[in-house]
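Visitor: What follows is a single structure, and I will ask about it in a moment.
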Amino acid sequence: MATIYVLNGPNLNLLGTREPDIYGHATLADVEKLCRATAERFGWAVEFRQSNHEGDLVDSIQEAAEKKAAGIVLNAGAYTHTSLAIHDAILAAKVAVIEVHISNVFAREKLRHHSYIAPVAKASLCGFGIDGYALALIGLAAMTGTSAKT
Ligand code: CA2
């Protein structure tokens, strides 16, 4: 069975506990449930992770490459706007990465408008709330010619 890595960066473990006006009320456990249900439609297993540490995210991207994952859905959190290390890991991995943000980063402060992930991602999504994760998986399925199982 093919595996999709869903990787979440710093502070996303706090989802649903603070700033609901920006990030909504759903928790990271809800995001995991949504990802598993969506991936199941395409016959995919999910490796779902969150880390507050940049190097952990780099390690997970390298692991996804080693294990020949079918794709990565990545919400790198604030590292999106700072991390050349994650950018380089994606370049080296040669695994399709879909960048996801819960909020519409372009409608927020200017410092959130630049992404180190976007230039090396296959696609980027923002502003759909947690549904962005499901949309990213559906997009990955379309890109890889994976149809829904009946
Ligand atoms: O909109 C997104 O998904 C972000 O990646 C979230 C990051 C932010 O730095 C990016 O600019 C956009 C921050 C995640 C923090 O998550 C929290 C959730 C609830 C409460 C506090 C923080």
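The values are calculated or read from the model by the stated rules, or taken from the named source; none is laboratory data. Not measured: the values here are computed from a predicted model. Virtual Cβ from ideal backbone geometry, glycine too; neighbours counted across all protein chains shown. With ligands, DNA and RNA removed, areas are computed over all heavy atoms of the protein, side chains included. Shrake-Rupley method; radii C 1.70, N 1.55, O 1.52, S 1.80 Å.
Visitor: Restricting the search to segment 18-55, which residues are open to solvent by 40 Å² or more (accessible area, probe 1.4 Å), part of a loop (DSSP other than H, G, I, E, B) and at pLDDT 95 or above?
Guide: Within segment 18-55, His25, Thr27, Asn52, His53 meet the criteria.
Visitor: Continuing with this model, one more query. For segment 1-17, name all the residues that are near the ligand (Cβ under 7 Å from one of its atoms) and open to solvent by 60 Å² or more (accessible area, probe 1.4 Å).
Guide: Asn11, Thr17
Visitor: Sticking with this one: Would you please list the contacts, defined by Cβ atoms under 6 Å and residues six or more apart or on different chains, that run from a residue in segment 1-26 that is closer than 22 Å to Ala142 by Cα to a residue that is acidic (Asp, Glu) and more than 6 Å from the ligand (Cβ to nearest atom)?
Guide: Short answer, once both residue conditions are applied: Thr3/Glu47; Tyr5/Glu47.
Visitor: Scan segment 85-103 and report the pairs whose first residue is in a helix (DSSP H, G or I) and whose second residue is more than 9 Å from the ligand (Cβ to nearest atom) and aromatic (Phe, Trp, Tyr), with Cβ atoms within less than 6 Å and a gap of 6+ or a chain change.
Guide: Within 6 Å, the pairs are His87/Tyr116.
Visitor: Looking only at residues in segment 61-84 that are farther than 18 Å from Ala136 by Cα and assigned to a helix (DSSP H, G or I), which one is most open to solvent (accessible area, probe 1.4 Å)?
Guide: Glu66
Visitor: Can you name the residue in segment 117-130 that is more than 11 Å from Val73 (Cα to Cα) and without any contact (Cβ under 8 Å) to a residue 40 or more places away in the chain and is also surrounded by the most Cβ atoms within 10 Å (Cβ to Cβ) among such residues? First the steps, then the outcome.
Guide: As a first pass, look at segment 117-130 and keep what is more than 11 Å from Val73 (Cα to Cα): 117-120, 126-130.
Narrowing further to those that are without any contact (Cβ under 8 Å) to a residue 40 or more places away in the chain: 118-120, 126-128.
Working: Ala118: 14, Pro119: 11, Val120: 17, Cys126: 20, Gly127: 14, Phe128: 16.
Filtering segment 117-130 for residues that are more than 11 Å from Val73 (Cα to Cα) and without any contact (Cβ under 8 Å) to a residue 40 or more places away in the chain, the one surrounded by the most Cβ atoms within 10 Å (Cβ to Cβ) comes out as Cys126.
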